[in-house]
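Structure first, then comments.
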Amino acid sequence: MAQLWKLVLLCGLLAGTSTSLLDIRGNDVLRKLISGLERGLGTFDSTVEIIFQNLKTELESRCLNDVVEETQQTENLLEGLISRIFQVVNRLTGVRIRNVQVPDITFEATSENSADVKIPITADVTMSLPLLGEIVNLDLNVDLQTSVSIETDAETGDSRVVVGECPNNPESISLTVLHRRTGLLSDVVDFGVNLARQLVSSVVQHELCPRIRELLESLDTECIKKLIGEPQVTTQHEI
């Protein structure tokens, strides 16, 4: 009977009569996510804030050195922060995003007092499709990009850290289908991919980018100068 019900649903999708079921599922997932983002995902799990504060402390302590040397600890803390955020997303939406990795964090100097900041993120996404009982596994790649600079007030001579925009283009989020099952309709797979893209895009815009901005703005100008390093065309400073 279960297999017959799945067959009826699949036939309905082919005829376009059950597409609304997917739409309802997608809208429900995004509604729950947006509601959580508006409250702040840190309110659902205090560990998010603890890891974030530890990340701040880690960067601040390293800036006490004359040269900010590369270390795995920063990447580990950032991976832990993002993983914990996606755990909250899973609790809210049922979409599982795990095995988060941050290969490196780079500051590419564009001038003496400014740099482009790039944070590549990879992860595995698992989505359970409504009623069909099927699972879509996706490989996620997304690059967080922003800029940081030091600006000096012409009148007072005071310097301050300025963080640029963190562009959020859903099309820049790469999602690759893994282990595609024979017979799984392309419309169903496309639904999973598009929903995952919207979900990740919302988390980037409302949670990850603001965290990166707050993190950079919490550092003093001397620390930012050390992170920027020398403006060389072919050189990137990793932290």
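Things worth noting here:
- Where segment 36-161 is the region considered: accessible area per residue in Å², 1.4 Å probe: 48
- The Cβ shell under 13 Å around Glu49 holds other residues with a net charge of 0, Lys and Arg each +1, Asp and Glu each -1.
- Semi-axes of the equivalent ellipsoid of segment 54-200 are 38, 17, 13 Å, computed as sqrt(5λ) over the eigenvalues of the C-alpha gyration tensor in descending order.
- Burial order of peptide ranges 108-121, 200-213, 163-176 (average beta-carbon count within 10 Å, highest first): 200-213, 108-121, 163-176
- Dipole-positive endmost among Gly192, Asn169, Ser111 within segment 50-193 (Cβ charges, Cα centre): Gly192
- Computed Rg/Rh of segment 56-126, alpha carbon atoms with Kirkwood Rh: 1.08
The values are calculated or read from the model by the stated rules, or taken from the named source; none is laboratory data. Just so it is clear, the structure is predicted and the values come from calculations on it, not from any experiment. Here the Cβ is made from the backbone with ideal geometry for all residues, glycine too, and neighbour counts use every protein chain on show. The protein model used for the area step is the full one, side chains on, heavy atoms only, and it has no ligands, DNA or RNA in it. Shrake-Rupley method; radii C 1.70, N 1.55, O 1.52, S 1.80 Å.
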